[in-house]
1. If you check GLY57 against the conditions, is it at positive phi, within 16 Å of ligand 3 (Cβ to nearest atom) and in a loop (DSSP other than H, G, I, E, B)?
2. Give the number of residues within the range 96-139 that are assigned to a loop (DSSP other than H, G, I, E, B), touching a strand residue (DSSP E or B) at 6+ places or on another chain (Cβ under 8 Å), open to solvent by less than 30 Å² (accessible area, probe 1.4 Å) and farther than 25 Å from SER52 by Cα.
3. Looking at (1) away from ligand 1 (no atom under 16 Å from the Cβ); (2) crowded, with 19+ Cβ neighbours inside 10 Å; (3) part of a loop (DSSP other than H, G, I, E, B), which one does GLY91 not meet, given that it meets all the others?
4. Do we find that GLU249 is over 20 Å from the mean Cα position of the chain (by Cα) and of a type outside the set (Gly, Ala, Ser) in this structure?
5. Only one of ASP135, ASP142, ASP162, ASP157 is without any contact (Cβ under 8 Å) to a residue 24 or more places away in the chain, more than 16 Å from ligand 2 (Cβ to nearest atom) and among the acidic types (Asp, Glu). Can you tell me which?
6. With the requirement that a residue be part of a loop (DSSP other than H, G, I, E, B) and in contact with a Gly (Cβ under 9 Å, 6 or more places away or on another chain), what does the range 245-258 give you?
7. Identify, from the list GLU82, GLU68, the residue that is under 20 Å from LEU265 (Cβ atoms), surrounded by fewer than 17 Cβ atoms within 10 Å (Cβ to Cβ) and either more than 16 Å from ligand 3 (Cβ to nearest atom) or modelled with pLDDT under 95 (or both).
8. Would a scan of the range 224-244 turn up a residue that is at pLDDT 95 or above and at positive phi?
Amino acid sequence: MKRPNPVKAWPVPVFFMISLLIHTGCSKDTGTESEGKNLPEADYYAPKASVSMTIDGVADESIWENAEWGLMDQLWIAYNGEPATPNDFSGRYKIAWDESRLYLLFEITDDIYSDVRANPLQQYWEDDCLEFFIDEDASGGDHTYNYNAFAYHVALDCQVVDLGPDSNPHLYSDHIEVFRTQQETVSIWEMAVTVFTSDYDDALGTDNPTAELKEGKCIGYLCAYCDSDQTGSREHFYGSRFIAGPVGEARNLGWQTADVFGTLLLVDE
Ligand SMILES: [Ca+2]
Ligand SMILES: [Ca+2]
Ligand SMILES: [Ca+2]
Ligand SMILES: [Ca+2]
């Protein structure tokens, strides 16, 4: 007697629900307890801001006390094969949200801040810059020259760059409001990110429709830093998520595929 295919034998609604969970990336198989809620598993739980945010590089909004630090401690690229010392680079981040935007706070230690190219579109990844990767619907998949996901490079002068569908770099500074402060080797970056969908059209700019931000929404993301000090190139590249393979180009996948992104869950405590 032929055994039924176990997948085909499942009721259609069950199969559909499991498929949905795989695609969204936020698994309900293993949740976490938070404030009495059993939340889907995610790499980061972003709390909701209940008061308006001031993007001034000063983390005095109460939501920044509620949000947890995430680490940017995964080494993706090292020019000399060695990890950076904590003084050379260390970084951490917090994420929050409201119905209008995502909010990010970065605390970066970098011994030498370097921006040797005045043109924001020229080798922008080889000057010091933050990278915030976002896949609004956590679909995963290729995003190299499309808007399935964005790889926002945020320079020291707060200009924002990513590749467009024409395979050329474009300025997207109107997607992210940024304010950066610095005291000695420590910089604080506060940001507000407008979240566009994969339907983004360059011709419409910020008139494009934005994603609906609400409790329970799962977003693909990575936080990363390109550290250039004295060579005029990216000496270290650190990110928020482990990527398999030897240190170097094998781990430099985030700019091409959202399959290596982590998951961010919007929560409302
Ligand atoms: Ca602030
Ligand atoms: Ca450094
Ligand atoms: Ca997507
Ligand atoms: Ca640097």
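The values are calculated or read from the model by the stated rules, or taken from the named source; none is laboratory data. Since the model is a prediction, treat every value here as computed from it, not as a measurement. Cβ atoms come from the backbone with ideal geometry, glycine included; neighbour counts cover every protein chain shown. Side chains included, ligands, DNA and RNA excluded: accessible areas come from the protein's heavy atoms. Shrake-Rupley method; radii C 1.70, N 1.55, O 1.52, S 1.80 Å.
1. In short, no.
2. Residues that pass the stated criteria total 3.
3. Unmet for GLY91, out of (1) away from ligand 1 (no atom under 16 Å from the Cβ); (2) crowded, with 19+ Cβ neighbours inside 10 Å; (3) part of a loop (DSSP other than H, G, I, E, B): (3).
4. no
5. ASP162
6. VAL247, GLY248, LEU253, GLY254
7. GLU68
8. The answer is no; no qualifying residue exists.
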